[in-house]
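Bear in mind that the values in this text are calculations on the coordinates, not laboratory data. Here the structure is a predicted model, which is why all the values come from computation and not from measurement. Cβ sites come from the backbone with ideal geometry, for glycine too, and all protein chains shown count toward neighbours.
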Amino acid sequence: MKERVKELRAAGRRGAQADPVEGESAVLAKLAEMPEPDRAIGERVHAIVRATAPGLLPRTWYGMPAYADANGNIVCHFQGAYKFKARYATIGFSDKARLDESDLWPVAFALNRMSPAVEARVAELVKRAVGSKP
């Protein structure tokens with residue numbers, strides 16, 4: 001929560017317009033602080049999101065890397081396993097993501113390690129989240 005308060009204060013000083021360069025720098029700094037293997041997984045997720053959905057703006061959200069639409073709404077975020085001493089890192093999607101499938105669908109996915117298959121699945125989910133066809 002302390003991280004979120006800092007983010008909100010910084011956003012208030014900046015005004016309504018988020019600086020994409022500042023957001024990118026903040027996300028890269030957070031990734032650099034992470035212990036392995038979270039750092040490596042997070043860096044791959046970041047690269048995939050930036051390549052797959054260049055319209056999403058990187059920023060931090062509760063101290064973790066996140067990606068927002070043009071309106072500032074978080075669409076997806078990465079959380080390292082170390083954050084809550086979990087068994088795995090996660091990529092999560094907000095209600096702004098267009099992942100709807102019938103009446104029930106997952107909004108977070110565990111990431112134990114990155115492989116070509118996992119990278120392809122993350123890219124597919126990000127494309128769907130922003131409304132692009134996979």
Of the residues in segment 69-82, those that are surrounded by fewer than 22 Cβ atoms within 10 Å (Cβ to Cβ), out of contact with any Gly (no Cβ under 8 Å at 6 or more places or on another chain) and either within 16 Å of Val130 (Cβ to Cβ) or not hydroxyl-bearing (Ser, Thr, Tyr) (or both) number 5
Looking at Ala40, Ala68, Ala47 in this structure, which one is aliphatic (A, V, I, L, M), in contact (Cβ under 8 Å) with a residue 60 or more places away in the chain and under 18 Å from Ser25 (Cα atoms)?
Ala40
Yes or no: Asp38 surrounded by 13 or more Cβ atoms within 10 Å (Cβ to Cβ) and under 12 Å from the mean Cα position of the chain (by Cα)?
no
If you take just the strands (runs of 3 or more DSSP E) that sit entirely in segment 32-115, which of them hold at least 1 residues that are under 25 Å from Asp19 (Cβ atoms)?
57-61, 64-68, 74-79, 89-93
Could you tell me whether any residue of segment 100-120 is in contact with a helix residue (DSSP H, G or I) (Cβ under 6 Å, 6 or more places away or on another chain), among the β-branched types (Val, Ile, Thr) and on the phi < 0 side of the Ramachandran plot?
no
